[in-house]
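Here it is, the structure in full.
The values are calculated or read from the model by the stated rules, or taken from the named source; none is laboratory data. Everything quoted here is computed from the prediction, not taken from an experiment. Neighbour counts are summed over all protein chains in view; Cβ atoms, including those assigned to glycine, are modelled from backbone coordinates with ideal geometry. Remember, those area values only see protein heavy atoms, side chains included, never the ligands or the DNA or RNA. Shrake-Rupley method; radii C 1.70, N 1.55, O 1.52, S 1.80 Å.
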Amino acid sequence: MAKQKKGSKAAGKAAGGGLREQLRVPVGEVDLTTYDTRATPGFDGSKDDGKVALEGLGAEISDWQERLFAEGRSGGERSVLLVLQGMDTSGKGGVIRHGAGLMDPQGLKITSFKAPTPAEKRRGFLWRIKQALPGPGMIGIFDRSHYEDVLIARVRELVTPNVWNRRYGQINDFEAELTAAGVTIVKCYLHISSDEQRSRLEARLDDPTKHWKYNPGDVDERKLWPDYMDAYHAAIERCNTPEAPWYVIPSDRKWYRNWAVTTIMLETLKELNPQWPAADFDVDEEKKRLAAT
């Protein structure tokens, strides 16, 4: 698998075929070490260019989101689910803040999954995920997801190998059912290097205003980096289906990460092509009635 490289188009433009095509993980064996975490596929430009390009997506993605929302309010059944996965500090919150922040909050459903409660554990690992799915016309965003049950559950040996091995198939079946029900799934792995994570954790320690974001447990998780990479390799490789493909987002450059995920979402919405619902009343008659008031 070749390393991701910069595109050759003008700043802010995804190269031919769209950014999804460039960042989609090919079906088959996955080797994340072949991906350059500082690459900027589909974008030739500086950090400042990237920030401007992201802002430039705002009006268009907001328009397409509103179309989807209106479709859902008028009997449509389609929705979009963005799944964000990545190591600590990879930028899941940053994507939500800077990318989803361009859209109307009333059309978003954002869920951040923490460790399951005892009650949730008793119901099966997909139960709480199903409770958070987006309804018709909505864009759901998962900050972590059902994949935690084949990531931390595997690395920390929270369940036996037989259990987490079965979950790959269960996840594929679950995602196929969602797709059949009208949910378009966009799965993004925010790929950072171990060195970049260390730098971001150091920055949190150096800034008193960021101490609230620092978790001493993150250092313990860093010691298990190779195990987590093995778990991510398996999750992406075994759950990379036509219905719900994975995208690897180089995330050492925060500005590129935000632009890339937002661009993928825009391309997804445009492909869905939701249309403004037709009026279910006589427009001319309503104009006359309104003018008479």
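Could you please let me know if SER79 is under 30 Å from ALA132 (Cβ atoms) and surrounded by fewer than 18 Cβ atoms within 10 Å (Cβ to Cβ)?
No, not satisfied.
For segment 158-171, give me the residue count where each residue is within 24 Å of VAL80 (Cβ to Cβ) and open to solvent by 40 Å² or more (accessible area, probe 1.4 Å).
Matching residues across segment 158-171 total 1.
Also, I was wondering about something else. Name the residue that is most open to solvent (accessible area, probe 1.4 Å), counting only residues in segment 82-119 that are of a type in the set (A, V, I, L, M), in contact (Cβ under 8 Å) with a residue 12 or more places away in the chain and more than 18 Å from GLU271 (Cβ to Cβ).
ILE110
Could you go through segment 153-167 and let me know if any residue there is within 20 Å of the chain's Cα centre (by Cα) and modelled with pLDDT of 95 or more.
So far as segment 153-167 goes, no, none of its residues is within 20 Å of the chain's Cα centre (by Cα) and modelled with pLDDT of 95 or more.
Please tell me if ARG166 is in contact with a helix residue (DSSP H, G or I) (Cβ under 8 Å, 6 or more places away or on another chain) and in a helix (DSSP H, G or I).
Here the answer is no, as ARG166 does not meet what is asked.
Could you list all residues from segment 195-224 that are closer than 20 Å to THR37 by Cα, assigned to a loop (DSSP other than H, G, I, E, B) and open to solvent by less than 90 Å² (accessible area, probe 1.4 Å)?
Across segment 195-224, the qualifying residue is only LEU224.
A further question follows. Between a first residue in segment 264-283 that is under 21 Å from LYS187 (Cβ atoms) and a second residue that is open to solvent by 90 Å² or more (accessible area, probe 1.4 Å) and at pLDDT 95 or above, which pairs have beta carbons less than 8 Å apart while being 6 or more apart in sequence or on different chains?
Once the first residue is under 21 Å from LYS187 (Cβ atoms) and sits in segment 264-283, no partner that is open to solvent by 90 Å² or more (accessible area, probe 1.4 Å) and at pLDDT 95 or above comes close enough.
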